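To start, the structure under review is shown below, and the notes come after it.
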Amino acid sequence: MIRLEKRPSPSRVWTVATPVLAVALTMVAGGILFAMLGKDPVAAIRTIFWDPLFNAQFASYSRPQLLVKAGPLILIATGLSLGFRAGIWNIGAEGQYIIGALCGAGVAL
């Protein structure tokens, strides 16, 4: 019979490598999809990942918009991480975000 056992401590290598590996695999999978569509994969990946942050033509608009859109998601992630550390599973983060926005707008009105 298969039995799951908790590790005494997480691997430091995988703790650092997991986010980097996830972004790299996302870029590779996206590049393959763009190549299958007949588009230049390098130009597509550059347009999605590089230009919004570092291209002078787009960055003045994209950086503030990135912060505006990332703020609520960072709050949601922080709340979920606290719940997960406490051992409480919370599946409704998106619904809570929408209800919170509606209640916040109602209070403002």
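Just need log10 I(q)/I(0) for the chain at q = 0.14, 0.17 Å⁻¹, Debye formula, equal scatterers on the alpha-carbon atoms, no solvent, rounded to two decimals. Log10 of I(q)/I(0), two decimals: -0.97, -1.13. Between L33 and T78, the FRET efficiency estimated from the beta carbon spacing at R0 = 35 angstrom works out to 0.65. Placing a pseudo-label 7 Å from each Cα along the Cα-to-Cβ vector at V20 and E94 gives an inter-label distance of 3.2 nm. Extents of region 62-109, largest first, come to 34, 29, 13 Å (Cα atoms, principal axes, whole angstrom). Stretched out straight at 0.36 nm per residue, the stretch from A70 to R12 would grow longer than its current Cα-Cα span by 18.2 nm. A DSSP coil position with no more than 12 other Cβ atoms inside 10 Å describes the following chymotrypsin sites (Phe, Trp or Tyr not before Pro) in region 48-109: W89.
Report the calculated FRET efficiency for A108 and A43 (r = Cβ-Cβ distance, R0 = 41 Å), to the nearest 0.05.
0.45
Here S62 and R85 are evaluated by their C-beta separation; at R0 = 30 Å the FRET efficiency comes out at 0.35.
Between the residues P64, I88, V107, the greatest Cα displacement towards the positive end of the dipole of the chain, with unit charges on the Cβ of Lys, Arg, Asp and Glu, is found for I88.
Where a number appears in this text, it was derived from the coordinates with a stated rule and is not lab data. Please read all numbers here as calculations on a predicted model, not as lab measurements. A quick note on method: Cβ atoms are made from the backbone with ideal geometry, for glycine too, and the neighbour counts reach across all protein chains shown.
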